[in-house]
Amino acid sequence: MSDQNPYQPPPSDPYQKPPGQQPSGYDPTSYPPPAAGYPPYGGPPGGYAPDPNAPYGYDRMGRPFSHKSKIVAGVLQILLGGVGAGRWYTGHTGMAVAQLLTCGGLGIWALIDGIIFLVSEDRTDSRGLVLKG
């Protein structure tokens, strides 16, 4: 019986490198830098920096989104429309006061307004920014 370990390759193999060594000619600094227009490694996903004018993105028409939600506004308006809660939330204080004084148009105005908040894509907050969905 021989003295060699049967689970190790014979030491005379010229193509076998010891574990942990890189192939000959390997230089990790030789890779090219990122192409022009792409951020360096670790940049934001998609390669685009957030827009300070629209931190919540843009809608399909190119209008910036508000930080307020149309779903929250619609549910508030349906549940608490008699006091104009959806309008207070979006910052439309004049409409909110009118709904408060008329009890939400006896509930009819508040209900219709809440449904329109939920299904419309062009409702805005007091600054004119489109409510996000």
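What follows is calculated from the coordinates using simple rules that are stated; it is not laboratory data. Just so it is clear, the model here is predicted, and its values are computed rather than measured. In this analysis, Cβ positions are derived from the backbone assuming ideal geometry, glycine residues included, and neighbour counts consider all displayed protein chains.
Of note:
- Each Lys and Arg adds +1 at its Cβ and each Asp and Glu adds -1 at its Cβ; summed about the Cα centre, region 65-132 shows a dipole of about 160 debye.
- The label-point distance for Leu118 and Thr102, in a model that sets each label 7 Å from Cα toward Cβ, rounds to 2.2 nm.
- For region 49-111, the relative contact order works out to 24 percent when only alpha carbon pairs closer than 8 Å and six or more residues apart are counted.
- Relative packing of peptides 57-67, 88-98 - highest average C-beta neighbours within 10 Å first: 88-98, 57-67
- Distant-in-sequence amide H partners of Leu131 (H built 1.01 Å from N, under 5 Å): Ser66, Arg123, Thr124, Asp125
- Kirkwood-type hydrodynamic radius, region 65-132: 11.1 Å, calculated from all non-identical alpha-carbon pairs.
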